[in-house]
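Here the structure comes first, spelled out in structure tokens, and everything after it is commentary.
The values are calculated or read from the model by the stated rules, or taken from the named source; none is laboratory data. Just so it is clear, the structure is predicted and the values come from calculations on it, not from any experiment. Cβ placement follows ideal geometry from the backbone for every residue including glycine, while neighbour counts extend to all protein chains displayed. The protein model used for the area step is the full one, side chains on, heavy atoms only, and it has no ligands, DNA or RNA in it. Shrake-Rupley method; radii C 1.70, N 1.55, O 1.52, S 1.80 Å.
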Amino acid sequence: MNDLAPIPVALSISTLGRPEGLRATLESLAAQRPAEGGVAFELCAVVANNDPDDPRPAAVAAEVAAATGLPIEVRHEPKRGIAPPRNLGLATAIELVGPNGLVGFIDDDEIAPPGWLAELLRVKAASGAGIVTGPVEPEFEEAPPAWIVEGGFFARARRATGTRLPYAFTNNIVFDASLPSRLDRWFDDSFLRIGEDHHFFERLARTGAAIVWADDAVVVERIPPRRANETWIVERFRTVGRCMPMIVRDLRGGPHALAMSTAKAMVWIPLGLGTTAAGLVAGTATRVRGRAWTAYGTGLLEGAWSPGRAGRPRTDDR
């Protein structure tokens, strides 16, 4: 494979108010190298700054580029939210690599260990899939309460490498730069902060693009103390619940979204209430899990019956 011309890869990072997180992410990208005998690549990064008045992302990018040699393109998106900078970053990445290159995303609170990108590309080459994604493992900035670890509230799913998925997210992903041209729109800004990536990649999957899992291509997400608490966890579940009917409504129609979301809510809410009650004896992890499930079911009802509110966050997810 090394005899072939290197594949151009552009990875986009949306950022808002996290200069040091951005620095760590960019430095981790600069350390990526092709595996011996693996897919050769030439990597560049795109920083989509969601606050044009904040000069720090551009300064950080310039410093990392000078220190490491990683090419970094900085663009500014004045419209706040998740979708607008994602769209800008994606458009810029495609512009940099062309339709025959690869593009992808990583978050500005994540670190990619050495070998991460090489593993994504290995699985992509082996599977022939247009989209490859991998796991995100938490790393707490401060030791969290024991019940958070016990309850696995920040644990992410792990699957066998090669597993095919119906959708993916933007926190650890690489895909063919030609694929977004199949869609009439990319990331939908009506989702605000959650769900727009699920929506985007499920729509790509529906065009025939295969999404495949690479279980050894792990990135590490840094969890600040303000997230490692009961209030944030419960509100996050409610926000996710509110977004799900919006995805179903767009892909399968309003009646289906209303019926499916309501039926699921009628399962999650009683289950959550019962688990919350059990937690009074079983402990904090069980009680919070019950509250989170109840919040998820409540969010499903809100998203199903109040479409204008679907996707609006109940907490600061950044």
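One table, with the values for the structure above:
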| read-out | value |
| --- | --- |
| Size of electric dipole in the chain: Cβ of Lys, Arg +1 and of Asp, Glu -1, about Cα centre, debye, nearest 20 | 1400 |
| Built amide H within the under 5 Å cut-off of Phe140, gap 5+ | Ile223 |
| Exposure of Glu150 as accessible area (Å², to 10), given a probe of 1.4 Å and all protein chains | 140 |
| Residues whose placed amide H lies under 5 Å from that of Val46, excluding near-sequence neighbours | Leu11, Ser12, Ile13, Glu73 |
| Neighbourhood net charge (9 Å Cβ-Cβ; Lys/Arg +1, Asp/Glu -1) for Ala48 | +1 |
| Rounded to whole Hz, the Karplus (6.51, -1.76, 1.60) HN-Hα couplings of region 13-27, x for glycine and proline | 10, 7, 9, 8, x, 10, x, 6, x, 4, 4, 4, 5, 5, 5 |
| GNM flexibility winner over the chain from Leu258, Leu300, Leu120 (Cα, springs under 10 Å) | Leu258 |
| Estimated [θ] at 222 nm from DSSP helical runs (n ≥ 4, -39500 (n - 2.57)) normalised by residues in the chain, nearest 500 | -15000 deg cm²/dmol |
| Dipole moment magnitude, nearest 20 debye, region 168-291 about Cα centre, only Lys, Arg, Asp, Glu C-beta charged | 540 |
| Where only alpha carbons of region 43-159 are counted, the Rg and the Dmax (Å) | 16.8, 48 |
| Largest-first ellipsoid semi-axes for region 160-318, taking √(5λ) over the Cα gyration tensor eigenvalues, angstrom | 29, 21, 15 |
| Highest-fluctuation residue, Val281, Val248, Val234 considered, GNM on the chain with Cα pairs under 10 Å | Val281 |
| The chain, accessible area per residue, ligands and nucleic acids excluded (1.4 Å, Å²) | 43 |
| Among Leu273, Leu102, Leu301: highest mean-square fluctuation, GNM of the chain, C-alpha pairs under 10 Å | Leu273 |
| Nitroxide proxy distance, nm - points 7 Å out along Cα→Cβ at Ala31 and His76 | 3.2 |
| Gap separating the Cα centres of region 11-72 and region 82-125, nearest whole Å | 11 |
| Convex hull volume of region 22-79 per residue (C-alpha atoms, cubic angstrom) | 77 |
| Carbon plus sulfur fraction of accessible area for region 1-148, probe 1.4 Å, in percent | 53 |
| Alpha-carbon spread of region 118-217, three principal axes, descending order, Å | 46, 36, 19 |
